[in-house]
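Working notes, structure below.
Any read-out appearing in this document is the output of simple, stated calculations on the displayed coordinates, not a laboratory observation. Bear in mind that the values here come from a model prediction, so they are computed numbers and not experimental data. Positions of Cβ are backbone-derived with ideal geometry, glycine not excepted, and every protein chain shown enters the neighbour counts.
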Amino acid sequence: MTLAETIKTDGVPTERSEALPSGTTLLGDQFTITRPLSSGGFGITYLAQDNYLERNVVIKECFPEAFCRREGLEVLVRSHTHHEKYRAIVEMFMREARSIAKMRHPNIVGVHRIFEDNQTAYMVLDLIDGRDLLNIINDKNQVLTPRQITETLIKVLDAVDLVHKQDLLHRDISPDNILLDKWGSPVLIDFGAAREEASRETRALSAVLIVKDGYSPQEFYFAGGKQSACSDLYALGATFYHLITGKAPANSQTRMAEFAGKNPDPCEPLAGRFDDYDPAVLASIDKAMRILPKDRTQSAREWANMITRNAEKAPAPFKLEPDQQLGKTLTRLVSETNEYVRNSKPLQNKKAPTPVAPVEKKKSLDWIDEFNAETSKSSGGSLSLPKLARKEKPVPKPKSRPTSIELIPEIAPPPINPRFGLLGVAFGKLVGRR
Ligand SMILES: Nc1ncnc2c1ncn2[C@@H]1O[C@H](COP(=O)(O)OP(=O)(O)O)[C@@H](O)[C@H]1O
Ligand SMILES: [Mg+2]
């Protein structure tokens, strides 16, 4: 069942919903609402059509229902006293959309537009053709293998790592907020920064909007609870606990109460219970789900490293930014080589130097460009040595150069390999060290 079909049967807003009716246009005639997908207490999500690009998209409407109501198409504040709060939430919604848009990551939903209309804000998202993890868990006909689950976890960790590096928290990681696209790759959706803004108003509201039993860590349940990266990691752990065991873990408040009473944890750890999994994966989830934040894994990268450290069985390596590593190594080797060339004695007779035709700068730089073009082509791929073979046609200058290589064009290259010049030395060293 694809997402579109899922939505017809699950979670469609009820008749009392204040969702915009199908066929409503937004931003002039740019978008047309196809139908609502879901209505949380904070926003309404629609399947829509981008009429200019002629494609389906998802549109999220900022609609914190505790503060606003619909009149016609317009969204109006419920009372004057809510006006400021409502505007703050709309601002936060827009800010959140901008932050998500900055994070270009294959496992984070793409935001490609935000706009204001009907006195509220909208964000336009890529439509992910797939299903959410909750839907998959509940479908007995589709079972993910331990390997698929581990791969999914590693990819989501990479996405969450980026979120945290932007000083953001997701705040609502749960199986229904991770979609698996049609290639089986996970995509994180539904960031909750704006909900956080709404929750500051009343804790009663926050209980409705912010906390998801089973997934939210205990610090989400009380006012002033310090939320940090490890709060998201708890929720991610709980999500994968559910995926592995088929059951959502015990609510963290209950766990906390039992912990305080020195009773057994109602959430049974995973370690030792599932032979098909790498023990490191199970242990890492248990650690992320510790009750006290100080006992948990503190960063997504640290968690990923726990899994991939036992590398042999790890299905896919956590991204190590290989290009940057290669770039650094090359820069260092080239600079060492330049240093060597500078300090080398000239090959020619000192007394009667044969006039050496100045090295044609352009020629020298051609192959540097060629090299850089090759390295920039390989950017984003795995660590591999660039091809250095000359091509007949000049390679156009790449716009950006991931690897910055400084050469001293005036100095003739040492007689290593006339074709590769200084980089030949650099690569000789690099290959020798690998
Ligand atoms: N970009 C998207 N592509 C496909 N489906 C989506 C997308 N965003 C949301 N959905 C679907 O709509 C549901 C609700 O959206 P979500 O952003 O999680 O809002 P909320 O949970 O606040 O109602 C999701 O669980 C998912 O099934
Ligand atoms: Mg959601």
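Amide H to amide H distances under 5 Å link Phe31 with Leu26, Asn51, where only residues 5 or more positions off or on other chains count and H is placed in the peptide plane. For the listed residue pairs Lys155/Lys226; Lys60/Lys165; Lys226/Lys247; Lys140/Lys182, the alpha carbons are over 20 angstrom apart in Lys155/Lys226; Lys60/Lys165; Lys226/Lys247.
The gain in end-to-end length when the Glu268 to Gln148 segment is fully stretched comes to 40.9 nm, 0.36 nm per residue minus the alpha carbon separation. The mean sequence distance of close C-alpha pairs (under 8 Å, at least 6 residues apart), as a share of the length of the range 213-284, puts its relative contact order at 28 percent. Which residues in the range 241-272 have a backbone N closer than 19 Å to a point placed 7 Å from the Cα of Asn138 along the Cα-to-Cβ line? What the label zone holds, given the 19 Å backbone N cut-off, is 241-251.
Normalising the average separation of contacting C-alpha pairs (under 8 angstrom, six or more residues apart) by the number of residues puts the relative contact order of the range 92-154 at 21 percent. Sparsely packed loop sites in the range 38-83 (the trypsin sites (Lys or Arg not before Pro) outside DSSP H, G, I, E and B with at most 15 other Cβ atoms within 10 Å) comprise Arg78. By other beta-carbon atoms within 10 Å, ranking Glu151, Glu96 with the fewest at the front produces Glu151, Glu96. Using θ = phi - 60° in the Karplus curve 6.51 cos²θ - 1.76 cosθ + 1.60, the 3J(HN,Hα) couplings for the range 255-271 round to 4, 4, 4, 5, 4, 5, x, 6, 9, x, 5, x, 9, 5, x, 7, 3 Hz; x is entered for Gly and Pro.
Look at the dipole of the range 131-309 built from charges on Cβ: of Leu133, Pro249, Gly184, the Cα furthest out on the positive end belongs to Pro249.
Look at Ser38, Ser79, Ser17, Ser216 and count the other Cβ atoms within 10 Å of each Cβ; fewest to most, that gives Ser79, Ser17, Ser38, Ser216.
One chain, two ends: Leu73 and Ser99. Fully extended at 0.36 nm per residue, the span grows by 6.6 nm beyond their Cα-Cα distance.
Working note: Debye formula, equal point scatterers on the alpha-carbon atoms of the range 1-127, no solvent; log10 I(q)/I(0) at q = 0.12, 0.17, 0.19, 0.22 Å⁻¹ is -0.44, -0.90, -1.12, -1.43.
Only Cα sites of the range 131-309 enter the Debye sum here, all with the same form factor; the resulting log10 I(q)/I(0) across q = 0.10, 0.12, 0.13, 0.20 1/Å is -0.36, -0.52, -0.62, -1.51, listed in q order. Counted by neighbouring Cβ atoms within 10 Å, the residues His170, His80, His164, His105 run from fewest to most as His80, His105, His164, His170.
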